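Student: Got a structure for you, written out below as structure tokens; questions coming shortly.
The values are calculated or read from the model by the stated rules, or taken from the named source; none is laboratory data. Because the structure is a prediction, the values reported are computed rather than measured. Virtual Cβ from ideal backbone geometry, glycine too; neighbours counted across all protein chains shown.
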Amino acid sequence: MASDGVHSAIDGASLVCLLLAVTCIDLICFGRRSHSSSGEASNMYRGQSGQWSWLLHRVTGLGVLLFLLIHIVDITLIGFGRTVYNDSLVVFDHPIVRLVSLALIASVLFHAFNGIRILIIDFWPSGHKYQQQMFYAVLTLTILSFIPMAVYVIAPIFGYCLQGNCHANI
């Protein structure tokens, strides 16, 4: 059973490397494209909210990739037995790891909401005209969605356990 876990980790690492390569290629090749041949929508990437949205989308995409890697490694540890898996969960209880988890949660939320914003801009002919308002809506939704999750993740650092038994083993 342990060898299956090792193969899963290798396959997962290969997938993460492939996704990272695709993200880098997208960043290098397609990061500066305009939305129309007249250049009308290309101005949204010049020092304004569109540029920040573009940059944050790429950075949070790497955060999502990191989250995927951590998740694959974490799930792979189940294949090594209950004791190994339970011992590995102790790492996630450390305050610094909880703060890193919050950054990953924020990355996932922003990336998801901004992806919807990008779809609207791409498929609604007038979408680029409202990209700044949509960017602020994405930031607002990200923050409002993040707050309850942050409370849930940070509470155990201060001795509060909102999810029941915080130190239960599987």
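Student: List every residue pair whose Cβ atoms sit under 6 Å apart, with the two residues 6 or more apart in sequence or on different chains, where the first one lies in region 130-141 and is surrounded by 14 or more Cβ atoms within 10 Å (Cβ to Cβ) and the second, anywhere, is among the polar types (S, T, N, Q) and modelled with pLDDT under 90.
Tutor: Gln132/Ser49; Phe135/Ser49; Phe135/Ser53
Student: Can you list the helices (runs of 4 or more DSSP H) lying wholly within region 40-125 that have 3 or more residues being of a type in the set (Val, Ile, Thr) and in contact (Cβ under 8 Å) with a residue 12 or more places away in the chain?
Tutor: 49-76, 95-123
Student: Taking Gly81, is it over 30 Å from Gln51 (Cβ atoms) and of a type in the set (Gly, Ala, Ser)?
Tutor: When the stated conditions are applied, Gly81 passes them.
Okay, residues lined up against (1) hydrophobic (A, V, I, L, M, F, W, C); (2) within 16 Å of the chain's Cα centre (by Cα):
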position: Thr76; (1), (2): no, no
position: Val84; (1), (2): yes, no
position: Leu99; (1), (2): yes, yes
position: Leu102; (1), (2): yes, yes
position: Ala112; (1), (2): yes, yes
position: Phe123; (1), (2): yes, no
position: Phe135; (1), (2): yes, no
position: Val138; (1), (2): yes, yes
position: Ile154; (1), (2): yes, no
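Student: Next question, about the same structure. Only one of (1) in contact with a helix residue (DSSP H, G or I) (Cβ under 6 Å, 6 or more places away or on another chain); (2) closer than 17 Å to Trp52 by Cβ fails for Leu62. Which number is that?
Tutor: That leaves (1) as the condition not met.
Student: Kindly indicate the residue of region 61-94 that is among the aromatic types (Phe, Trp, Tyr) and within 30 Å of Gly159 (Cβ to Cβ) and also surrounded by the fewest Cβ atoms within 10 Å (Cβ to Cβ) among those meeting that condition. Don't jump to the end; show me each part of the working.
Tutor: Restricting attention to region 61-94, the residues satisfying the condition of being among the aromatic types (Phe, Trp, Tyr) are 67, 80, 85, 92.
With within 30 Å of Gly159 (Cβ to Cβ) added as a condition, the list becomes 67, 85, 92.
Values: Phe67: 19, Tyr85: 17, Phe92: 13.
For region 61-94, the residue satisfying everything is Phe92.
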